[in-house]
Amino acid sequence: MSQYRSFINGEWLGTTSTLPNLNPSDLSDVVGEARLADDALVADAIAAARHAFRSWSLTTPQQRADILDAAGTRILQRKEELGTLLAREEGKRLAEAIGEVGRAGNIFKFFAGEALRIGGEVVSSVRPGMTVEVTREPLGVIGMITPWNFPIAIPAWKIAPALAYGNTVVIKPAEAVPACATELVKILEESGLPAGVVNLLLGPGRVVGEALVASPDIDAISFTGSESTGRAIAVKCVTSGKKVQLEMGGKNPLVVIDDADLDVAVEAALDGSFFSTGQRCTASSRLIVTSAIHGQFVAALQRKASELVVGHALDKATRIGPVVDDRQLQQNLKYLKIAAEEGGQVLGGERVERPTRGYFMRPALVIGTDNTMRINREEVFGPVASVIEVADYEEALAVANDTPYGLAAGICTTSLKYASHFRRHAEAGMVMVNAPTAGVDYHVPFGGRKRSSYGPREQGTYAREFYTVVKTAYVKA
Ligand code: UN1
């Protein structure tokens, strides 16, 4: 059995307080055990990152690019093995888990290149004999708090840009997924990252996360997780003057118009709503369907959903893995009950037994809902999608935008007119046409509007807005 520890200034350390890492597909499979950090270790990790910043922030782009590139190569070489570990600790089915590891590897390769592309601007001054130079500098020590649903890709898309632009890191992964974060940090160490540049802390949010947010030695916090935690973090960061970036919930609409290609629309809904067991902030959780195609769409989607094999994440036949833990499973079932009480008709969604003991449930489609019901207002974070029938495109757009969230929005249509109009008028950070709302590229900006996100975008070249500070220099000849 593996033991995971925190990684502080190049050393693996932990207390005697432990937390088991269980496989949600098979609770008899103990993946490992985390030895948790206490306040003293948290303080040491922050101090190490602060100290390492002095030299790391002065490294050449070539030094940083080489390390990031080497890490990317190692991750990609170990895709199958790391994907298997990810599937075991999080429950994502193997093919998707391997895909996620590939994404993490590619992110490191991308930011290896970005390290070499840090440029600036030279601007003519309005004053004679003066020039103005606008450059970017590293921000400092970045505290990162990452969720369990993308145990390697999200740490990768925060750590890689942080390092590329010359920052140091203290990262706290979700307690459910210590193994992937540990492997990622080991790979960085093997790739030549100096001690103290990335520090890993294993422990609960109320010890580790709160200490990171409170510390005056942390310059910025990048957080992905629940909306309530995110908002509390933002308030504290603003009060203490930290830069902050939050990725939180979603209640993403997928609009299906009469003229859609039915197969394309059903595939987009199936993937967007149920793959990764619906445990994505980008999941297509509100299917907004115009009347003329509603009957056909629901029948086809229900048939396809009922054919999805629910099972062990490592079983090749599985299309839907387990829910991550019992708390999440109970939340999913609670929302189905609420939806039924509010008048929705729940198709599927039963808890099921498999040869191994785990948190399995069938995907659920809730039909006959309207946009005021809780199932359409609140994020469930499970394999649950609801259908809202609307008269026409105009109503579909209004319903799509009638939500406190604004992460992703999709439309299935064969009409350029609707696709273009929706792309312009959907109140979301990301818009998908004839594609699921979930499943994004790694080299373009990721983020939302309204209550889904706060602060600069993640990923792609836009990541530099968060991970650098701008300096304007006036030079008189
Ligand atoms: C994706 O849909 O490919 O936590 C990524 C999440 C998001 C990532 C989604 N931050 O689900």
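Looking only at residues of the stretch 203-213 that are out of contact with any Lys or Arg (no Cβ under 7 Å at 6 or more places or on another chain) and of a type in the set (A, V, I, L, M, F, W, C), we find that the one that is farthest from Trp157 (Cα to Cα) is Val207. For the stretch 451-464, a residue qualifies if it is surrounded by fewer than 17 Cβ atoms within 10 Å (Cβ to Cβ) and either of a type outside the set (S, T, N, Q) or within 11 Å of the ligand (Cβ to nearest atom) (or both), and exactly one does: Tyr462. Of the residues making up the stretch 208-222, one or more are free of Cβ contacts under 8 Å to residues at least 12 places away in the same chain and either in contact with a helix residue (DSSP H, G or I) (Cβ under 7 Å, 6 or more places away or on another chain) or not in a strand (DSSP E or B) (or both). Put simply, of Asn371, Asn376 the only residue that is more than 16 Å from the ligand (Cβ to nearest atom), part of a loop (DSSP other than H, G, I, E, B) and either polar (S, T, N, Q) or over 20 Å from the mean Cα position of the chain (by Cα) (or both) is Asn371. Of everything in the stretch 333-354 that is touching a strand residue (DSSP E or B) at 6+ places or on another chain (Cβ under 8 Å) and of a type in the set (Lys, Arg), the residue that is farthest from Val380 (Cα to Cα) is Arg354.
If you filter the stretch 423-450 down to residues that are part of a loop (DSSP other than H, G, I, E, B) and of a type in the set (D, E, K, R), you find that the one that is surrounded by the fewest Cβ atoms within 10 Å (Cβ to Cβ) is Asp441.
Please determine whether any residue of the stretch 409-418 is part of a loop (DSSP other than H, G, I, E, B) and of a type outside the set (S, T, N, Q). There is no residue in the stretch 409-418 that is part of a loop (DSSP other than H, G, I, E, B) and of a type outside the set (S, T, N, Q). For the stretch 115-161, a residue qualifies if it is surrounded by 15 or more Cβ atoms within 10 Å (Cβ to Cβ) and of a type in the set (S, T, N, Q), and the qualifying residues are Thr135, Thr146, Asn149.
Scan the stretch 23-42 for residues that are surrounded by 15 or more Cβ atoms within 10 Å (Cβ to Cβ) and either without any contact (Cβ under 8 Å) to a residue 24 or more places away in the chain or part of a helix (DSSP H, G or I) (or both) and jot them down. Result: Leu41, Val42. Restricting attention to the stretch 197-206, the residues being out of contact with any Leu (no Cβ under 8 Å at 6 or more places or on another chain), of a type outside the set (Gly, Ala, Ser) and touching a residue at least 40 places away in the same chain (Cβ under 8 Å) number 2. The numbered conditions (1) of a type in the set (Val, Ile, Thr); (2) within 16 Å of the ligand (Cβ to nearest atom); (3) under 30 Å from Thr372 (Cβ atoms) are all true for Thr290 except (2). For the residues Val264, Val238, the requirement of being more than 16 Å from the ligand (Cβ to nearest atom) and assigned by TED's automatic domain parsing to the domain that holds Ala426 singles out Val264.
The values are calculated or read from the model by the stated rules, or taken from the named source; none is laboratory data. Since this is a predicted model, take the numbers as computed values, not measurements. A quick note on method: Cβ atoms are made from the backbone with ideal geometry, for glycine too, and the neighbour counts reach across all protein chains shown.
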